[in-house]
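Enquirer: I have a structure here, written as structure tokens, and I will follow up with some questions on it.
The values are calculated or read from the model by the stated rules, or taken from the named source; none is laboratory data. Predicted, not measured: the structure shown is a model, and the values here were computed from it. Positions of Cβ are backbone-derived with ideal geometry, glycine not excepted, and every protein chain shown enters the neighbour counts.
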Amino acid sequence: MSEADMTSDVILPFSVEALDVRGRAVRLSQSFDTIVRLHQYPPQVCRAIGEGLALTALLGSALKLDGRFQLQTKTEGAISQIVVDYDAPDRLRAYARYDAARLADQSNATTAELMGKGHLGLTIDQGGDMSRYQGIVVLDGEGFEAAAHHYFAQSEQIPTVIRLAVAENISPHAATWRAGGLMVQFLPHSEDRRRQRDLAPGDHPDGVTVALDTEDDAWAEARALVGTVEDHELVDPLLTNEHLLYRLFHERGATVYESQSVRQACRCSRPSVLAMLGRFSPQECQDMVESDGKIGITCEFCSTRYDVALSEIPASDIS
């Protein structure tokens, strides 16, 4: 296996027992590049989608085999919406909506600035009879990293640090997009180590300052180590996830587990399009007919176009 193969489209779970932390590292290349090429997105949108893809892969890869994880933003910025789906165990797809004119006026803006204010939704669907779960994070001019930290602090209450990076890799043959991410979580086995008092008890006299419990030393060390990671290390095609983890945790000893490959794949199909149209009334279907006498449906995720004749729509009374 070549170095490029080892660093492309793969998620690597790991643990550092000495620090009571668990985590995952992700590298995305062909899957990410395919998604943005399908839509011919401008560079700013490519970077934003890349961050969303890396974060989704980090979070979604914790699901069971039949689960689905979705990340979705709705904001007032030049990039008004990003949707990323992760279908376990290995399928990724994504799309974005943006204002081209506003984007052109903000050529040097960060992803956080291009999204602006709004919210980020994280939806977990385990399938079957399992209930869906959705967490909402307010976006106030912040990017995906900050939003993820808010989510874990408020919803999961798990000490978590996440790093994301995106870059366009320029080679003599072609330019390709790459994304990378690293997530480390403090998950101690001891109940005593899990108890971290983060709020004042509220019964002390006015004017008296109460010292809160300090951060666990192991977590402080892990967080500091992750803070040394530079963007280029997360997207370097010649640096494997294993080598990155060795750089960070070789003194403590990191254990890596079986890696998981991911790929770009859409769930759309002609049968699913026909089933969707079958939920509309005959008149509504008639109103959707275009000049060629067919209904044209284009998948937002993969840009595949389906031309459907009225006679193909199931349970339709249209003549």
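Enquirer: Under 25 Å from Phe14 (Cβ atoms), in contact with a strand residue (DSSP E or B) (Cβ under 6 Å, 6 or more places away or on another chain) and either in contact (Cβ under 8 Å) with a residue 12 or more places away in the chain or surrounded by 16 or more Cβ atoms within 10 Å (Cβ to Cβ) (or both), is that true of Glu51? Steps first, answer last, please.
Expert: Numbers: under 25 Å from Phe14 (Cβ atoms): yes; in contact with a strand residue (DSSP E or B) (Cβ under 6 Å, 6 or more places away or on another chain): yes; either in contact (Cβ under 8 Å) with a residue 12 or more places away in the chain or surrounded by 16 or more Cβ atoms within 10 Å (Cβ to Cβ) (or both): yes.
So Glu51 fits the description; yes.
Enquirer: Taking Cys285, is it buried (at least 18 other Cβ atoms within 10 Å of the Cβ), modelled with pLDDT under 95 and outside any loop (DSSP other than H, G, I, E, B)? Give the derivation first.
Expert: Values: buried (at least 18 other Cβ atoms within 10 Å of the Cβ): yes; modelled with pLDDT under 95: yes; outside any loop (DSSP other than H, G, I, E, B): yes.
The answer is yes for Cys285.
Enquirer: Cβ-Cβ below 7 Å, separation at least six or inter-chain, first residue in region 256-281 and among the hydroxyl-bearing types (Ser, Thr, Tyr), second assigned to a strand (DSSP E or B): which pairs?
Expert: Filtered contacts from region 256-281: Tyr257/Pro13; Tyr257/Phe14; Ser259/Val10; Ser259/Ile11; Ser259/Leu12; Ser261/Val10.
Enquirer: Next up: Do you know which residues across region 257-282 are surrounded by 12 or more Cβ atoms within 10 Å (Cβ to Cβ) and either of a type in the set (Asp, Glu) or assigned to a loop (DSSP other than H, G, I, E, B) (or both)?
Expert: Ser259, Val262, Ala265, Cys266, Arg267, Cys268, Ser269, Gly278, Phe280
Enquirer: Can you tell me which residue is farthest from the chain's Cα centre (by Cα) among those in region 7-30 that are of a type in the set (Ser, Thr, Tyr) and within 14 Å of Val235 (Cα to Cα)?
Expert: Thr7
Enquirer: If a residue must be at pLDDT 95 or above and assigned to a helix (DSSP H, G or I), how many such residues does region 60-82 contain?
Expert: 0
Enquirer: Scan region 212-256 for residues that are under 21 Å from the mean Cα position of the chain (by Cα), loosely packed, with under 13 Cβ neighbours inside 10 Å and more than 30 Å from Phe301 (Cα to Cα) and report the count.
Expert: The qualifying residues number 2.
Enquirer: I'm checking my understanding of the structure. Among residues of region 128-149 that are in a loop (DSSP other than H, G, I, E, B) and loosely packed, with under 14 Cβ neighbours inside 10 Å, which one is modelled with the highest pLDDT? First the steps, then the outcome.
Expert: Of all residues in region 128-149, those in a loop (DSSP other than H, G, I, E, B) come to 128-132, 141-143.
Next, only the ones that are loosely packed, with under 14 Cβ neighbours inside 10 Å stay: 128-132.
Numbers: Gly128: 69, Asp129: 71, Met130: 72, Ser131: 76, Arg132: 83.
Step by step, filter region 128-149, then rank; the result is Arg132.
Enquirer: Follow-up question, since we're still on this one. So which of Leu164, Leu92 is buried (at least 16 other Cβ atoms within 10 Å of the Cβ), modelled with pLDDT of 90 or more and touching a Gly at 6+ places or on another chain (Cβ under 6 Å)? Please lay out each step first, then the result.
Expert: Numbers: Leu92 fails: touching a Gly at 6+ places or on another chain (Cβ under 6 Å).
After ruling out the rest, the residue left standing is Leu164.
Enquirer: Condition check: assigned to a strand (DSSP E or B), surrounded by fewer than 22 Cβ atoms within 10 Å (Cβ to Cβ) and modelled with pLDDT of 95 or more. Does Arg27 satisfy that?
Expert: No: the conditions fail for Arg27.
Enquirer: Give region 89-106 a look and list any residue that's touching a helix residue (DSSP H, G or I) at 6+ places or on another chain (Cβ under 7 Å) and small (Gly, Ala, Ser), or say none.
Expert: Correct list: Ala94, Ala96.
Enquirer: Out of the residues in region 100-117 that are of a type outside the set (A, V, I, L, M), out of contact with any Leu (no Cβ under 8 Å at 6 or more places or on another chain) and touching a residue at least 40 places away in the same chain (Cβ under 8 Å), state the one that is surrounded by the fewest Cβ atoms within 10 Å (Cβ to Cβ).
Expert: First, pick out the residues of region 100-117 that are of a type outside the set (A, V, I, L, M): 102, 105-108, 110-111, 113, 116-117.
Still in the running and out of contact with any Leu (no Cβ under 8 Å at 6 or more places or on another chain): 102, 105, 107-108, 110-111, 113.
Filter once more, so that each one left must be touching a residue at least 40 places away in the same chain (Cβ under 8 Å): 107, 111.
Working: Ser107: 9, Thr111: 23.
Filtering region 100-117 for residues that are of a type outside the set (A, V, I, L, M), out of contact with any Leu (no Cβ under 8 Å at 6 or more places or on another chain) and touching a residue at least 40 places away in the same chain (Cβ under 8 Å), the one surrounded by the fewest Cβ atoms within 10 Å (Cβ to Cβ) comes out as Ser107.
Enquirer: Restricting attention to region 118-125, does a residue exist that is surrounded by fewer than 20 Cβ atoms within 10 Å (Cβ to Cβ), out of contact with any Ser or Thr (no Cβ under 7 Å at 6 or more places or on another chain) and modelled with pLDDT under 90? Step through it out loud before you land on a result.
Expert: If we filter region 118-125 for residues that are surrounded by fewer than 20 Cβ atoms within 10 Å (Cβ to Cβ), which is where we start, we get 118-119, 121, 123-125.
The next check asks that each one be out of contact with any Ser or Thr (no Cβ under 7 Å at 6 or more places or on another chain); those that pass are 119, 121, 123-125.
Subsequent filtering for residues that are modelled with pLDDT under 90 retains 125.
The answer is yes, given that some residue of region 118-125 is surrounded by fewer than 20 Cβ atoms within 10 Å (Cβ to Cβ), out of contact with any Ser or Thr (no Cβ under 7 Å at 6 or more places or on another chain) and modelled with pLDDT under 90.
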